[in-house]
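The values are calculated or read from the model by the stated rules, or taken from the named source; none is laboratory data. All values reported here derive from a predicted model rather than from experimental measurement. Please note: Cβ atoms are built from the backbone with ideal geometry, for glycine as well, and neighbour counts cover all protein chains shown.
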Amino acid sequence: MGHIHVIGLKEELKRLQQAPERLRKKVLDVLEERAEAVRGDAASRAPVRTGALRRSIKKQVSEKTLAAKVYADYPEPGGNSRKGHQKGRKYYAFAVEFGTKRMAAKPFLYPAARAAEARTKAALEEVLKEVAGDE
């Protein structure tokens, strides 16, 4: 019985084995880029009185789960109140985003996320096509 030798098979198998890692890296890059775009848009939409709310908007990308989130954290302590006392860390992003019974909502996170949805989806689809096309 004869042997069949396929030229380039070893190289092709190696390239296929590396595809998941290439895809993971490219997806992470897209998530970083898009999360930063959402963070910047949310910060620009946030109402400004002291700037603490804008500075509290953060992004986090998980390499483990391939997920990104943009959120408003507790503002950094600092600044002075009108009475000259040091301000503490008070979380009020939720009240600004959704409103209270005394204050109308001034959404900034949700609109930024919705505005980026189509571009994020398109960027991830492009990565999948690119990596699949390399196969």
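Odds and ends about this structure:
- Subset of region 91-135 that is in contact with a helix residue (DSSP H, G or I) (Cβ under 9 Å, 6 or more places away or on another chain) and modelled with pLDDT under 80 - its residue that is surrounded by the fewest Cβ atoms within 10 Å (Cβ to Cβ): Glu135
- Looking only at residues of region 45-57 that are free of Cβ contacts under 8 Å to residues at least 24 places away in the same chain and over 14 Å from Tyr91 (Cα atoms), we find that the one that is surrounded by the most Cβ atoms within 10 Å (Cβ to Cβ) is Val48.
- Test result for Val61, at pLDDT 90 or above, in a strand (DSSP E or B) and not basic (Lys, Arg): yes
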